[in-house]
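K.L.:
Structure provided below as structure tokens; questions to follow.
The values are calculated or read from the model by the stated rules, or taken from the named source; none is laboratory data. Please read these numbers as outputs of a predicted model, since none were measured by experiment. Because the Cβ atoms are built from the backbone with ideal geometry, glycine has one as well, and the counts that use them run over all protein chains shown.
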Amino acid sequence: MTLRHDPPTRERIVTEAIRLFAERGFRGTTVGEIEAAAGLVPRSGGLYKHFPSKEALLEAALERHVSELEAVRSAIDLMPLGDLRSELTLVARWTLAELGAEQQLVKIIQKEGDRFPELAAQFHERLVKPGYEEATKVIERVLQEAGAGERDTRALAAIALGSLVNYRIEQTMFGIPPAGVGEEEMIETWVELWMTLARSGKLEAAAVSGEKGR
């Protein structure tokens, strides 16, 4: 017999509220609908036992997502892979999974950003900005291992992360991936692109070294 472990009421409320906000909009979702979706008696005041308002649900969702993200990042940092291709593959898989997990929040911010500018600012500061910082570190490591000369790592990071972001957004928006490219194909090609950059950097560095040795 398998025991069923339901998430705590607070977690259910946040999960269902964000799903409904993404589907129907903040204004289009009532407290009673959130309570019903979370398994509570509609219009019974059950939601207010955990949250003072609907707005507080958005803040709780962002906090929960940031906490989950930080936990995964910490786990990845502890993985001693030691192989550039494996590391890049892990980064691509994790990034696409993370982007998929935050699509509901993205939809809410797209729809309600004017109504909740502070939430949009927090989303950028705590999720988007750190994402590009992490991407920059990865690109710097790729170039360092390649022995390549100075490059605009921030621009390369924008290209690297931006391509994955666009892939997930288009897939979510239209229900099909860009150009019909499957996720595994996307990951393999993305990794190979940066491996090629690393190889070209090594060749470039070797050529420069050869020129200096003449």
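K.L.:
Would you check which residues across segment 17-41 are among the aliphatic types (A, V, I, L, M) and touching a residue at least 60 places away in the same chain (Cβ under 8 Å) and list them? Steps first, answer last, please.
P.N.:
Step one: list which residues in segment 17-41 are among the aliphatic types (A, V, I, L, M), which gives 17-18, 20, 22, 31, 34, 36-38, 40-41.
Answer for segment 17-41, where residues must be among the aliphatic types (A, V, I, L, M) and touching a residue at least 60 places away in the same chain (Cβ under 8 Å): ILE18, ALA22.
K.L.:
Can you confirm whether segment 5-22 contains a residue that is at pLDDT 95 or above, surrounded by 15 or more Cβ atoms within 10 Å (Cβ to Cβ), in a loop (DSSP other than H, G, I, E, B) and not assigned by TED's automatic domain parsing to the domain that holds ASP114?
P.N.:
Within segment 5-22, none of the residues are at pLDDT 95 or above, surrounded by 15 or more Cβ atoms within 10 Å (Cβ to Cβ), in a loop (DSSP other than H, G, I, E, B) and not assigned by TED's automatic domain parsing to the domain that holds ASP114.
K.L.:
I would also like to ask the following. Residues being surrounded by fewer than 17 Cβ atoms within 10 Å (Cβ to Cβ) and part of a helix (DSSP H, G or I): count how many of those fall in segment 37-53. First the steps, then the outcome.
P.N.:
In the first step, residues of segment 37-53 are kept if they are surrounded by fewer than 17 Cβ atoms within 10 Å (Cβ to Cβ); the result is 39, 41-45, 48-49, 52-53.
Filter once more, keeping what is part of a helix (DSSP H, G or I): 48-49.
Looking only at that region, the number is 2.
K.L.:
Which ones in segment 58-82 are in contact with a Leu (Cβ under 8 Å, 6 or more places away or on another chain) and modelled with pLDDT of 70 or more?
P.N.:
Residues satisfying the conditions are LEU58, GLU59, ALA61, LEU62, HIS65, VAL66, LEU69.
K.L.:
So if I check each of GLN104, GLN110, which one is in contact (Cβ under 8 Å) with a residue 60 or more places away in the chain and outside the structural domain of ARG27 (by TED's automatic domain parsing)?
P.N.:
Details: GLN110 fails: in contact (Cβ under 8 Å) with a residue 60 or more places away in the chain.
Going through GLN104, GLN110 in turn, just one is in contact (Cβ under 8 Å) with a residue 60 or more places away in the chain and outside the structural domain of ARG27 (by TED's automatic domain parsing): GLN104.
K.L.:
Just to be sure, is ARG10 free of Cβ contacts under 8 Å to residues at least 60 places away in the same chain and in contact with a His (Cβ under 6 Å, 6 or more places away or on another chain)? Working first, answer last.
P.N.:
Values: free of Cβ contacts under 8 Å to residues at least 60 places away in the same chain: yes; in contact with a His (Cβ under 6 Å, 6 or more places away or on another chain): yes.
Taking the combined requirement at face value, the residue satisfies it.
K.L.:
Here's another thing I want to ask about it. Is there a residue being among the hydroxyl-bearing types (Ser, Thr, Tyr), at pLDDT 85 or above and closer than 21 Å to GLU192 by Cβ anywhere in segment 120-141? Walk me through how you get there before you give the answer.
P.N.:
Taking segment 120-141 and keeping what is among the hydroxyl-bearing types (Ser, Thr, Tyr), we get 132, 136.
Next, from what is left, pick out any that are at pLDDT 85 or above: 132, 136.
Applying the additional criterion that residues be closer than 21 Å to GLU192 by Cβ yields 136.
Checked against the condition, which is being among the hydroxyl-bearing types (Ser, Thr, Tyr), at pLDDT 85 or above and closer than 21 Å to GLU192 by Cβ, segment 120-141 yields at least one hit.
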